1. Quick one: which residue in 306, 252, 256 is hydrophobic (A, V, I, L, M, F, W, C) and either surrounded by fewer than 14 Cβ atoms within 10 Å (Cβ to Cβ) or touching a residue at least 60 places away in the same chain (Cβ under 8 Å) (or both)?
2. Under the condition of being among the hydrophobic types (A, V, I, L, M, F, W, C) and more than 30 Å from the chain's Cα centre (by Cα), which residue from the range 76-91 is farthest from residue 109 (Cα to Cα)?
3. Quick one: how many residues across the range 199-234 are in contact with a Lys or Arg (Cβ under 8 Å, 6 or more places away or on another chain) and either in contact (Cβ under 8 Å) with a residue 24 or more places away in the chain or charged (D, E, K, R) (or both)?
4. Name the residue, out of 123, 144, that is under 21 Å from residue 4 (Cβ atoms), open to solvent by 10 Å² or more (accessible area, probe 1.4 Å), assigned to a helix (DSSP H, G or I) and of a type outside the set (D, E, K, R).
5. Name the residue, out of 96, 137, that is open to solvent by 60 Å² or more (accessible area, probe 1.4 Å), under 24 Å from residue 162 (Cα atoms) and polar (S, T, N, Q).
6. Please go through (1) in contact with a Lys or Arg (Cβ under 8 Å, 6 or more places away or on another chain); (2) aromatic (Phe, Trp, Tyr); (3) in contact (Cβ under 8 Å) with a residue 40 or more places away in the chain for residue 183 and return the number of the only condition it doesn't satisfy.
7. As an exercise: evaluate residue 191 against (1) touching a Leu at 6+ places or on another chain (Cβ under 9 Å); (2) under 28 Å from residue 106 (Cα atoms); (3) open to solvent by less than 20 Å² (accessible area, probe 1.4 Å) and give the number of the one condition it does not meet.
8. Please go through (1) surrounded by fewer than 20 Cβ atoms within 10 Å (Cβ to Cβ); (2) under 24 Å from residue 373 (Cβ atoms) for residue 336 and return the number of the only condition it doesn't satisfy.
Amino acid sequence: MKFRIDKYLLSKTEELAFITVKEDAEFKLEGYTLPKDGLNVPIKNEVLVKGIKENTAQDGINSMSIADAMIYIIGIDPQFRYNDEYKKFLKALEKNVKFDAKSYMGYMSRKYFDIGEYTDSLIYLKALITMNNDDINGLYHYAIVCQEVAKKYQKDNDDKAMNDFLLEALNKLEMVIDLDPEFALGYYHLGYHYYNQGQYVKSKVIWEEALKLGLDEDTTSEVQENIGKMDFKVQYEEGYNLVFQGRNEEGLEKLLPLEEDHSDWWNLLFMIGLAYKNMGEMDKAKEYYEKILRMKPQQVDTMVELALCEASSLNMNRAIELLEAAAKLKEDPEILCNLGMAYLNTGSIDDAIYYIERAYELNPEDEITISCMRELDNYRVN
């Protein structure tokens with residue numbers, strides 16, 4: 001099983017010490033034989049410290065404390081070099097002392113979750129699903145704890161970490177409903193993930209499936225309210241999908257009715273403008289792009305689309321003005337190429353060379369940039 005959050009947990013290894021147990025040491029466990037060269041076994045630092053304080057350090061290092069630390073390191077790092085050996089040890093321990101590793105991991109996760117130690121809670125669940133990758137409840141609760149850890153990173157303004165934990169939760173929730181297509185709470189949480197990603201159609205479908213499968217009364221009311229509130233976003237997504245498919249008139253049928261109640265929603269105006277541009281109705285497209293720039297004067301994508309409309313109407317000076325403003329905000333090869341080609345069309349060869357060559361420096365493998373370089377070379381030859 002793959003995890004995208006391993007790097008965020010690796011620092012927890014600092015809470016472990018490793019002790020080498022030699023082959024001839026007193027480490028008797030029926031059904032388990034130490035490797036020839038012995039084994040580095042983990043122990044939690046807190047166990048060692050407690051043992052030293054109580055003058056029972058050696059007695060404190062027992063099979064259960066070792067098993068706990070082995071589970072902990074498996075949860076931190078699924079690729080740790082001794083994990084296979086630790087799993088053999090845990091299996092043998094289960095047979096010898098009726099130790100239920102799965103129940104223990106669930107118990108420890110709940111214990112830490114209840115006191116707000118979400119990272120430790122997550123580590124035990126991660127160990128559980130590493131060793132039992134078809135455990136539906138384990139996967140579900142792992143996803144829920146990932147969501148709680150994401151909230152912590154959100155408070156710390158660490159968007160990268162927050163998104164990684166949310167994507168991890170999303171991935172595991174998708175595994176849950178693959179394993180059990182009738183797991184209603186899996187659909188419930190997935191609906192929020194898709195909604196937050198702007199996948200409104202998918203979110204609605206998933207929430208409707210959760211309702212079919214059955215939720216408690218409060219959760220049912222919550223989901224029904226969400227679906228009602230997002231109807232216009234579903235319609236918007238359907239509309240822009242049609243535009244991207246080249247079905248511009250059908251897209252406008254979905255998008256235009258939304259404008260009256262959402263005239264300040266720049267994304268909506270942008271898609272309407274794009275549909276008109278695709279249909280060759282440049283004046284209407286420009287009208288919508290100008291509306292957006294009055295609301296958001298530095299919206300780069302809108303500047304570029306408006307510039308392309310102006311260029312197609314042979315208003316090259318206005319196109320250059322817009323593209324220069326966009327390039328100052330975002331030095332993107334595509335913007336620079338468009339600017340270079342605009343200058344080329346006005347006969348400003350030096351400016352065209354400067355911007356197209358700069359685009360090539362930024363990304364020499366970009367197909368648009370390569371095409372512009374060829375055009376420039378042809379112009380130079382002539």
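1. Values: 306 fails: either surrounded by fewer than 14 Cβ atoms within 10 Å (Cβ to Cβ) or touching a residue at least 60 places away in the same chain (Cβ under 8 Å) (or both); 252 fails: either surrounded by fewer than 14 Cβ atoms within 10 Å (Cβ to Cβ) or touching a residue at least 60 places away in the same chain (Cβ under 8 Å) (or both).
After applying the criteria, what remains is 256.
2. Pass one, the range 76-91, residues among the hydrophobic types (A, V, I, L, M, F, W, C): 76, 80, 89-90.
Okay, now just the ones that are also more than 30 Å from the chain's Cα centre (by Cα), so 89-90.
Values: 89: 21, 90: 18 Å.
Selected residue: 89.
3. Counting residues in the range 199-234 that are in contact with a Lys or Arg (Cβ under 8 Å, 6 or more places away or on another chain) and either in contact (Cβ under 8 Å) with a residue 24 or more places away in the chain or charged (D, E, K, R) (or both) gives 3.
4. Exactly one residue qualifies, and that residue is 144.
5. On the way: 96 fails: under 24 Å from residue 162 (Cα atoms).
Only one candidate qualifies: 137.
6. Condition not satisfied by residue 183: (1).
7. Against the list (1) touching a Leu at 6+ places or on another chain (Cβ under 9 Å); (2) under 28 Å from residue 106 (Cα atoms); (3) open to solvent by less than 20 Å² (accessible area, probe 1.4 Å), residue 191 comes up short only on (1).
8. (1)
The values are calculated or read from the model by the stated rules, or taken from the named source; none is laboratory data. Treat the numbers as computed from the prediction; the structure is a model and nothing was measured. Methodologically, a virtual Cβ is constructed for each residue, glycine included, from the backbone with ideal geometry; neighbour enumeration extends over all protein chains shown. SASA here: full protein model, heavy atoms, side chains in, ligands and nucleic acids out. Shrake-Rupley method; radii C 1.70, N 1.55, O 1.52, S 1.80 Å.
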